[in-house]
Amino acid sequence: MSSPGDPARHRPSTTPPGFDSTLAQPAHAAPSVIAAPAVAQAPVPPALKRAWGLYIWVGALLVVLLVVLVGYFLRAIGPAASILGAVLALVPLAGVLWALRLVDRWEPEPRGLVIIALGWGAIVSVAVALGVDLLIVLSVGRSTAPWAEFLQSVVQAPIVEEVAKGLGVLLIFAAARRFFDGPVDGIVYGGLIGAGFAFTENIQYFAQSFLEGGLELASATFFVRGMLSPFAHVMFTAVTGFAVGLAARRGARAGGAFGPWLLGLVGAIALHALWNGSALLGDFFALYALLQVPLFVVFVVGIVMLRREEARLTRARLGEYAAVGWFTAQEVDMLATGAGRRSAIAWARTLRGDRVPIMRTFISDATALAAARQRVISGRDPRAAAEERALLERTVTARAALFAL
């Protein structure tokens with residue numbers, strides 16, 4: 001506080017008379033009136049919520065376990081062999097991801113969940129399998145007897161690995177079930193987890209083969225695991241995902257999916273045990289031709305049939321909107337068939353300004369709208385109705401942008 005004789009007390013003010021502050025601006029004239037729009041503006045559709053809790057917690061777990069796994073590989077097989085194994089393992093992984101992308105093209109899963117699924121298989125499932133193996137060795141020791149190898153390969157590995165991978169499928173369903181609409185989604189998530197597991201396992205197999213037999217043995221191992229059986233783990237865990245997807249289609253919640261998950265897990269374990277047993281108990285290549293190839297054909301045919309069912313549901317749900325005027329019948333035909341979508345994208349290229357991105361958005365949002373409508377009908381997702389309204393507005397906006405002058 002200044003005293004009566006303090007010069008600061010008599011310092012002139014920097015605020016002009018009649019102004020609220022130093023920076024206040026004088027009014028020179030009355031402001032113009034803002035005219036009301038001729039048509040009321042629709043509210044901006046809210047952004048669709050993502051599974052942020054799942055991303056954060058599982059992401060943190062993946063980072064921690066990744067550091068542990070990298071340390072384990074560098075210590076157990078060395079950096080050079082690990083890098084060689086990783087490079088070789090990328091080849092079958094790329095092929096598997098391309099195939100799963102084809103399966104998932106109709107209604108693509110969120111990129112974050114795709115990364116979570118891959119990471120769960122490549123890091124968490126492998127860490128669980130290695131941890132259980134270490135506990136068994138510390139408890140009873142490791143035996144080199146034939147029966148011990150049989151138990152480890154045909155009993156321990158299928159049970160432990162499929163349970164670890166299957167927990168990832170169940171976790172995604174429980175934490176992000178609005179993105180888990182049916183069997184195709186289950187196959188995609190299960191396949192991604194299996195692909196991630198096979199990638200990390202292949203690094204170890206390829207690296208150890210190189211250390212034990214050089215490039216010759218590594219090449220032979222790559223032929224068997226990377227070319228003859230890149231989809232083995234994908235198929236195993238996809239069975240679990242398929243069972244959970246059926247539960248999702250029927251409107252089950254997390255608790256109600258546990259029974260189907262167990263049933264699918266039994267199927268995955270049985271297939272895994274059959275695969276491992278064929279490498280130990282008989283002529284691998286004969287059993288591969290007689291059992292594994294037919295199973296793979298059945299797997300592919302099943303996916304094609306499921307994709308057709310997905311297209312049928314898309315047509316049925318969008319047809320309900322067309323019946324009240326949101327779409328035309330021709331647009332439903334376009335959105336519900338692969339040929340129609342390709343023709344639509346080709347047509348969008350002919351429009352002014354190349355409106356292919358808008359057409360892709362229209363197709364994607366309309367497909368998601370059909371899936372949200374299906375969840376509304378099943379009643380399994382309390383947020384589906386709000387998501388349906390947001391997607392309908394987004395779809396209408398994209399449709400209007402396509403036909404804008």
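The values are calculated or read from the model by the stated rules, or taken from the named source; none is laboratory data. Remember, it's a predicted structure, so these values are computed and weren't measured experimentally. Glycine gets a Cβ as well: all are built from the backbone with ideal geometry, and neighbour counts include every protein chain shown.
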Legend entry - Among the residues listed as Ser143, Ser153, Ser125, the single one being of a type in the set (S, T, N, Q) and modelled with pLDDT of 95 or more: Ser125
Legend entry - Only listed residue being modelled with pLDDT of 90 or more, within 30 Å of Val224 (Cβ to Cβ) and part of a helix (DSSP H, G or I), chosen from Ala273, Ala286, Ala279: Ala273
Legend entry - Candidates Arg352, Arg341, filtered to the one that is in contact (Cβ under 8 Å) with a residue 12 or more places away in the chain and of a type in the set (D, E, K, R): Arg341
Inset, instruction - Have a look at Glu387, Glu331, Glu320 and point out the one that is under 18 Å from Glu109 (Cα atoms) and not assigned by TED's automatic domain parsing to the domain that holds Ile187. - result: Glu387
Legend entry - Count of residues meeting criterion [over 12 Å from Val234 (Cα atoms) and of a type outside the set (A, V, I, L, M)] in the stretch 156-172: 4
Inset, instruction - Go through the residues of the stretch 103-115 one by one and say whether even a single one is over 23 Å from Val58 (Cβ atoms) and in contact with a Ser or Thr (Cβ under 9 Å, 6 or more places away or on another chain). - result: yes
Inset, instruction - Under 8 Å between Cβ atoms, at least 6 apart or on separate chains: pull out the pairs that start in the stretch 137-157 with a residue that is of a type in the set (Asp, Glu) and end on any residue that is surrounded by 10 or more Cβ atoms within 10 Å (Cβ to Cβ) and outside any helix (DSSP H, G or I). - result: none
Legend entry - Residue ID - farthest from Tyr205 (Cα to Cα), chosen from residues in the stretch 103-148 that are charged (D, E, K, R) and more than 14 Å from the chain's Cα centre (by Cα): Arg142
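Across the stretch 127-177, what is the total count of residues that are part of a loop (DSSP other than H, G, I, E, B) and crowded, with 17+ Cβ neighbours inside 10 Å?
Total meeting the criteria: 1.
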Inset, instruction - Of the numbered conditions (1) at pLDDT below 75; (2) assigned to a helix (DSSP H, G or I); (3) over 16 Å from the mean Cα position of the chain (by Cα), Val67 fails exactly one; give the number of that condition. - result: (1)
Inset, instruction - Hey, could you check the stretch 354-405 for residues that are basic (Lys, Arg) and within 19 Å of Ala176 (Cβ to Cβ) and say which is modelled with the lowest pLDDT? - result: Arg380
Legend entry - Unmet criterion (only one of (1) hydrophobic (A, V, I, L, M, F, W, C); (2) at pLDDT below 85; (3) more than 27 Å from the chain's Cα centre (by Cα)) for Ala346: (2)
Inset, instruction - Being in the same structural domain as Gly182 (by TED's automatic domain parsing), loosely packed, with under 14 Cβ neighbours inside 10 Å and at pLDDT below 95 narrows it down to one of Gly245, Gly259, so name that one. - result: Gly259
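Taking the stretch 194-249 on its own, how many of its residues are within 30 Å of Ala175 (Cβ to Cβ) and not aliphatic (A, V, I, L, M)?
18
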